[in-house]
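The values are calculated or read from the model by the stated rules, or taken from the named source; none is laboratory data. What you see is a predicted model, and the numbers here were worked out from it, not measured in a lab. Here the Cβ positions follow ideal geometry from the backbone for every residue, glycine too, while neighbour counts run over all protein chains shown.
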Amino acid sequence: MKLPLIILLFITALSASAQQNYDASLIPKELLPYASSVVRDDETSVEIKDLDNVVYHYKRAITVLNKNGVDDAEIVIGHNKMYTIKYIKGAVYNEFGKQTDKFSESIFEDVNAQDGFSLYDDTKVKHYKPVASDYPYTVEYEYEVHSKESLNLGSWEPNPGTGIAVEKSAYTITCKPDFNIRYKEMNMPSVVNIVTDEKTGLKTYNWQVHGLKAIKYEPYEPNSDKYLSTVKFAPEKFSYGGMTGTYTNWNELGKWIYDHLLVNRRDIPAETIAHVQQITADITDPKLKAKKIYEYMQSKTHYVNVTVGIGGWQPILAADVDKLNYGDCKALVNYTQSLLRAVNIDSYYCVVMGNHERKISLLNDFASMDQANHIILCIPFKNDTTWCDCTSQTIPFGYLGDFTDDRNVLACTPEGGKILHTPKYTAGENLESRKANFVLNVDGELSGEMTTNFKGTDYWDRDDVIEQAQSERLKTMQKIYPITNLDIQKLEYKQDKSLDPVTTENITLKAPEYASTDDNKLTFMPNAANRVYTRPKRVMNRKTDVYINEGSTEEDEITYTLPAGYHAEYTPPEVILKKPFGNFTATSTIKDGKLVYKRKLQLIDGTYPKDAYDDLVDFFQSVLDADSHAVTLIKNN
């Protein structure tokens, strides 16, 4: 009777020793600075059994140290007909490593990946955010996904964001000897280890990192590929949706996309061809002809996400768009190309990473399918290449905005893929210019008219407002403009959609008690419309360069007709700032009973040395101070 008991105790002890101890006190102290969470152990294994049979196994344990790390423990898993989730399981542990909860796939919420935009969509996302009542706590989970395609192998990011430290993380890819993987290591502390098993012949790629310290978030930091560890993967041979192919560069990938995903999908009905030929018959300029066709496409269609079948990367037929009057970015670009072809205008289907906050380019030296999320159109007129986004019914012809400007894209042509660069909107072109004529009376009431023009990437700054009902517009304006007691009597918008588009906002307003009245004095802020309220925080021992993603210019000129019988007791001093990253001027002058306030703030996009950050903070502090200055008028004796 004693022998089985000894064996049982031995097995129990062995199991306990094999189980990871998630006591938070065991986290190395050097990993705690700037960390909101710590990856205790992360293991990803990818087994490429065949071109259409890839198994992904993920196992991870992450300790959440405070409320800023809660999102780091969220589990998000995409799936569709090509990606099948086999299982999910996990557990939650308290500060001392004692299990307090466990979970399985049944607790995950399953939603459409494109909720709110999809007419039909077979791509879904399972997600769950485990939480505990007290910090720190640890979430351990694992899951397995089976894929029927090998075109998109994705990437590995052991420290996927700021504030995350890593005790240990590993990524392994196992494949047959004749399956070659291209990879690009970025900011990695170690390199790949490639081993071939002598018995099975299987080839293994393995990456490991240990003791990655958390990277502190820094305002105006560069894109993450400049400082976070990443490995990107791409196959030489692959299968996708029953189609096979090979590529080692952008030219070959673009050729495959054209030949397998785009060819023979641009046929449209004869009557549609005849119609676009008719509406452009009197237009001789090819660019204006393309503009007419683009606007016809906009008036006929609307955006709906479509990702069924192999639609994730393949557009639905142009003939279907013509019939149904909807499509996603792929379908609408493909359809617009069909319309242009009807009048003998060539165009390119271009793959791009769209992002409003960051300009993210395709890597020149590494081709892979996971670097883009959007499709735009390029029309290569002679000496005048024009770019279009086809997903909006309101965007002007030839306008991209900050979602896709100034970045590398892949043009898919019959000859193969070409890396092109979208136009850049300069700081001077991204212009918000405002002129106002106000009257200030002896009671401190402000009244008058104000006109603002928005150009460049600022063109669509008011799009959300324009789409609102008038009553909601008025409420929004009261939040946008810092005018006390603002009463908008008239609000109008006009959008000029010419080749140099402009959005114009006209406001007629009143504002009782805008100026304070006290002891025969009137005090008011001359900058009534456009103020800076905060500045970036100071950062000690900054590590990253200063990065300004998009340049911009703000110009304000406000003329005040002052009440008779008053003269200026105080006017703000002239402020002039000139820096490599920006300029600012503010002046207030009084002449013939009028005060003219002028303000210009310009930020110049680019990357600047980290030592420039303190100067940038001082710059914004000076702007904030200047914007807060007031004018004091005193009644004449």
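Odds and ends about this structure:
- Selection count where residues are among the polar types (S, T, N, Q), assigned to a helix (DSSP H, G or I) and closer than 14 Å to Lys300 by Cβ, scope segment 311-345: 2
- Restricting the search to strands (runs of 3 or more DSSP E) fully inside segment 556-637 and requiring at least 1 residues that are free of Cβ contacts under 8 Å to residues at least 24 places away in the same chain and assigned by TED's automatic domain parsing to the domain that holds Gly448 gives 575-579, 582-591.
- Test result for Phe620, under 14 Å from Glu554 (Cβ atoms) and surrounded by fewer than 21 Cβ atoms within 10 Å (Cβ to Cβ): yes
- For segment 152-167, the criterion of being farther than 30 Å from His127 by Cα and in a loop (DSSP other than H, G, I, E, B) is satisfied by no residue at all.
- Hits in segment 81-108 (condition: farther than 30 Å from Gly312 by Cβ and either without any contact (Cβ under 8 Å) to a residue 60 or more places away in the chain or charged (D, E, K, R) (or both)): Ala91, Val92, Asn94, Glu95, Lys98, Gln99, Thr100, Asp101, Lys102
- Looking across segment 360-374 at every residue that is over 20 Å from Lys226 (Cα atoms) and free of Cβ contacts under 8 Å to residues at least 60 places away in the same chain, the one that is surrounded by the fewest Cβ atoms within 10 Å (Cβ to Cβ) is identified as Asn373.
- Restricting segment 450-477 to residues that are aliphatic (A, V, I, L, M) and under 26 Å from the mean Cα position of the chain (by Cα), the residue that is surrounded by the fewest Cβ atoms within 10 Å (Cβ to Cβ): Ile466
- Of the listed requirements (1) in a helix (DSSP H, G or I); (2) farther than 23 Å from Ala427 by Cβ, Tyr459 misses just one: (2).
- Any hit, segment 596-619, residues being touching a Pro at 6+ places or on another chain (Cβ under 8 Å) and farther than 30 Å from Tyr425 by Cβ: no
- Members of segment 66-103 that are in a loop (DSSP other than H, G, I, E, B) and over 25 Å from Asn21 (Cβ atoms): Asn80, Lys81, Met82
- Going through (1) surrounded by 20 or more Cβ atoms within 10 Å (Cβ to Cβ); (2) out of contact with any helix residue (DSSP H, G or I) (no Cβ under 9 Å at 6 or more places or on another chain); (3) under 24 Å from Leu253 (Cβ atoms) one by one, Val145 falls short only on (1).
- Which numbered condition Glu429 misses (of (1) surrounded by 15 or more Cβ atoms within 10 Å (Cβ to Cβ); (2) under 18 Å from Ile558 (Cβ atoms)): (2)
- Odd one out for Gly201 among (1) in contact with a Ser or Thr (Cβ under 8 Å, 6 or more places away or on another chain); (2) exposed (fewer than 14 other Cβ atoms within 10 Å of the Cβ); (3) free of Cβ contacts under 8 Å to residues at least 40 places away in the same chain: (1)
- Number of the exception - Asn325 against (1) closer than 30 Å to Thr123 by Cα; (2) in contact with a Ser or Thr (Cβ under 7 Å, 6 or more places away or on another chain); (3) modelled with pLDDT of 95 or more: (3)
- On the stretch given as segment 236-252, residues that are crowded, with 21+ Cβ neighbours inside 10 Å and among the hydrophobic types (A, V, I, L, M, F, W, C) total 2.
- Residues (on the phi < 0 side of the Ramachandran plot and surrounded by fewer than 16 Cβ atoms within 10 Å (Cβ to Cβ)) located in segment 253-274: Asp259, Val263, Asp267, Pro269, Ala270, Glu271, Ala274
- Selection count, segment 346-359, where residues are assigned to a loop (DSSP other than H, G, I, E, B) and crowded, with 19+ Cβ neighbours inside 10 Å: 4
- Test: residue in segment 351-363 that is in contact with a Cys (Cβ under 9 Å, 6 or more places away or on another chain) and more than 26 Å from Lys232 (Cα to Cα): no
- Filter result for Tyr349 (within 25 Å of Phe381 (Cα to Cα), within 24 Å of the chain's Cα centre (by Cα) and either outside the structural domain of Gly551 (by TED's automatic domain parsing) or of a type in the set (Lys, Arg) (or both)): yes
- From Thr503, Thr426, residue being modelled with pLDDT of 95 or more, closer than 24 Å to Trp387 by Cβ and not assigned by TED's automatic domain parsing to the domain that holds Asp605: Thr426
- Complete set of residues in segment 31-72 that are under 20 Å from Ile215 (Cα atoms), touching a Ser or Thr at 6+ places or on another chain (Cβ under 7 Å) and buried (at least 18 other Cβ atoms within 10 Å of the Cβ): Ser37, Val38, Val39, Arg40, Asp42, Ala61, Ile62, Thr63, Val64, Leu65, Gly69, Asp72
- Residues that are polar (S, T, N, Q) and within 30 Å of Asn520 (Cα to Cα), drawn from segment 422-456: Asn437, Asn441, Ser447
- Being among the charged types (D, E, K, R) and either in contact with an Asp or Glu (Cβ under 8 Å, 6 or more places away or on another chain) or over 21 Å from Asn80 (Cα atoms) (or both) is a property that Lys287 has.
- Pairs with Cβ under 7 Å, 6+ apart, first in segment 123-141 and among the hydrophobic types (A, V, I, L, M, F, W, C), second part of a loop (DSSP other than H, G, I, E, B): Val125/Ala113; Ala132/Asn94; Val139/Pro130
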